[in-house]
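Visitor: Just passing along the structure, written as structure tokens.
The values are calculated or read from the model by the stated rules, or taken from the named source; none is laboratory data. Values in this document were obtained by computation on a predicted structure and should not be read as measured data. Using ideal geometry, Cβ is built from the backbone for each residue, glycine included, and neighbour counts are taken over all protein chains shown.
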Amino acid sequence: MHQLSHYYKESGIFKNIVYALIVNIVGTIFVFALFFVFITSSISSAITTPSTSILPFLNQFFFSLIALIVLAMVLGIISAAFYMRAFNKLGEKSDSDSFKAAGVLYFVGVLLSVVLVGGILVWIAWIIAAYGFHSLKPLSSPNNFSTPSAVTSPVPAQTIPCPNCGTGNVPEALYCGSCGKQLQ
């Protein structure tokens with residue numbers, strides 16, 4: 001995504017991915033730390049209060065667990081929103097609807113992550129994103145690829161030949177200007 005951010009001259013693509021990763025990492029650490037605190041406080045309160053009933057301990061444990069699940073869901077939704085923004089920006093710049101669909105599916109998958117179908121939608125979103133990456137086309141700018149010549153002529157020193165069709169391309173080109181194959 002970092003390279004695509006530079007290629008399409010859209011810093012928001014990479015920034016949103018970084019924000020999503022930061023929310024994921026910090027959120028995971030925070031939720032696990034709170035889970036540990038809640039578990040230890042529940043156990044210590046169960047040990048210190050001599051009660052014949054385990055009900056207060058279970059109530060505190062389950063309410064704490066529900067609060068952590070809600071917090072994890074909120075952090076997941078925030079992260080998914082950043083992923084969706086990155087995929088939407090990439091879809092706009094690359095004219096690929098696959099990325100826009102992947103962003104929406106990822107977001108909906110996180111919203112539905114309580115049920116099994118949410119996880120499946122997240123996987124489908126990544127598969128569609130991979131398809132979008134595979135089907136990227138080069139920009140139609142003269143800086144990125146050269147146009148084919150009508151007459152076959154020797155390839156000048158300042159061009160590189162396409163391994164697929166032999167057309168000369170500028171050294172900065174990522175894809176062949178004639179056949180569209182990736183240059184190596």
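Visitor: Just to verify a result, which residue in segment 1-30, among those that are of a type in the set (Ser, Thr, Tyr) and free of Cβ contacts under 8 Å to residues at least 60 places away in the same chain, is surrounded by the fewest Cβ atoms within 10 Å (Cβ to Cβ)? Outline the logic, then answer.
Guide: Of the residues in segment 1-30, the ones of a type in the set (Ser, Thr, Tyr) are 5, 7-8, 11, 19, 28.
So of that shortlist, the ones also free of Cβ contacts under 8 Å to residues at least 60 places away in the same chain come out as 5, 11, 28.
Working: SER5: 21, SER11: 12, THR28: 14.
Top of the filtered list is SER11.
Visitor: Okay, next question. Can you go through VAL122, VAL74 and tell me which one is closer than 20 Å to ILE22 by Cβ and at pLDDT below 85?
Guide: So the residue among VAL122, VAL74 that is closer than 20 Å to ILE22 by Cβ and at pLDDT below 85 is VAL122.
Visitor: Starting from residues that are free of Cβ contacts under 8 Å to residues at least 24 places away in the same chain and within 30 Å of LYS9 (Cβ to Cβ), keep the ones in segment 50-91 and report whichever is surrounded by the fewest Cβ atoms within 10 Å (Cβ to Cβ).
Guide: Per the stated criteria, the residue is ASN88.
Visitor: Working only within segment 127-173, note down all residues that are within 23 Å of LYS100 (Cα to Cα) and at pLDDT 80 or above.
Guide: ILE127, ILE128, ALA129, ALA130, TYR131, GLY132, PHE133, HIS134, SER135, LEU136
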